[in-house]
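A quick write-up on the structure given underneath.
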Amino acid sequence: MLLSSLPWVFLAFIFSGSSVAQKVIQDPPDISNRTGESVTLNCRYETSQSRYIFWYKHLPSGEMIFLTKDGRFSIHFDRVHKSSSLTISTLQLEDSAKYFCALWELTVLEVIGKAEQKPQSL
């Protein structure tokens with residue numbers, strides 16, 4: 001059976017684990033919906049510090065695509081309730097994938113040093 005002949009879009013998003021001090025919960029664990037409809041994926045997190053939530057789409061090829069508010073994708077953050085949601089409107093067959101919400105704390109890297117100019121080779 002050809003994938004393009006399937007009338008349903010299957011969306012799966014799974015638990016993104018973390019350490020004892022922080023936890024990410026995505027539910028429901030899988031969703032089926034028809035092409036052309038909309039779907040909302042939910043993510044809650046438990047942590048003692050303020051964190052950042054990012055959404056990713058995991059393709060069958062293994063590629064992870066960072067999702068932003070763009071076109072059919074909208075993302076809502078609620079820091080008070082420690083939650084985030086990803087809404088995909090007008091579902092298409094290519095939306096079938098695993099979706100991850102990832103809990104991250106930013107790391108800032110500052111490199112200190114003196115810039116050196118290398119001599120040009122002749």
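The values are calculated or read from the model by the stated rules, or taken from the named source; none is laboratory data. From a predicted model like this one, the values you see are computed outputs, not experimental measurements. Cβ: placed from backbone, ideal geometry, glycine included. Neighbour counts: every protein chain shown.
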task: Would you check if there is a residue in the range 12-27 being more than 13 Å from the chain's Cα centre (by Cα), at pLDDT 70 or above, of a type in the set (A, V, I, L, M) and exposed (fewer than 12 other Cβ atoms within 10 Å of the Cβ)?
output: no
query: Does the range 73-92 contain at least one residue that is within 17 Å of the chain's Cα centre (by Cα), farther than 23 Å from LYS23 by Cα and part of a loop (DSSP other than H, G, I, E, B)?
result: yes
query: From the list LYS82, LYS98, which residue is without any contact (Cβ under 8 Å) to a residue 40 or more places away in the chain and out of contact with any helix residue (DSSP H, G or I) (no Cβ under 6 Å at 6 or more places or on another chain)?
result: LYS82
message: Within the range 33-48, does at least one residue satisfy the condition of being part of a loop (DSSP other than H, G, I, E, B), β-branched (Val, Ile, Thr) and exposed (fewer than 11 other Cβ atoms within 10 Å of the Cβ)?
response: no
- prompt: Restricting attention to the range 99-106, does a residue exist that is within 21 Å of PHE54 (Cα to Cα), among the hydroxyl-bearing types (Ser, Thr, Tyr), buried (at least 16 other Cβ atoms within 10 Å of the Cβ) and in contact with a strand residue (DSSP E or B) (Cβ under 9 Å, 6 or more places away or on another chain)?
  reply: yes
query: Of the residues SER61, SER74, SER84, which single one is small (Gly, Ala, Ser) and touching a Phe, Trp or Tyr at 6+ places or on another chain (Cβ under 7 Å)?
result: SER84
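For SER61, state whether it is at pLDDT 85 or above, of a type in the set (Ser, Thr, Tyr) and either touching a Leu at 6+ places or on another chain (Cβ under 7 Å) or more than 26 Å from VAL108 (Cβ to Cβ) (or both).
Yes: the conditions hold for SER61.
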- prompt: part of a strand (DSSP E or B) and either more than 12 Å from the chain's Cα centre (by Cα) or modelled with pLDDT under 75 (or both), is that true of TYR99?
  reply: no
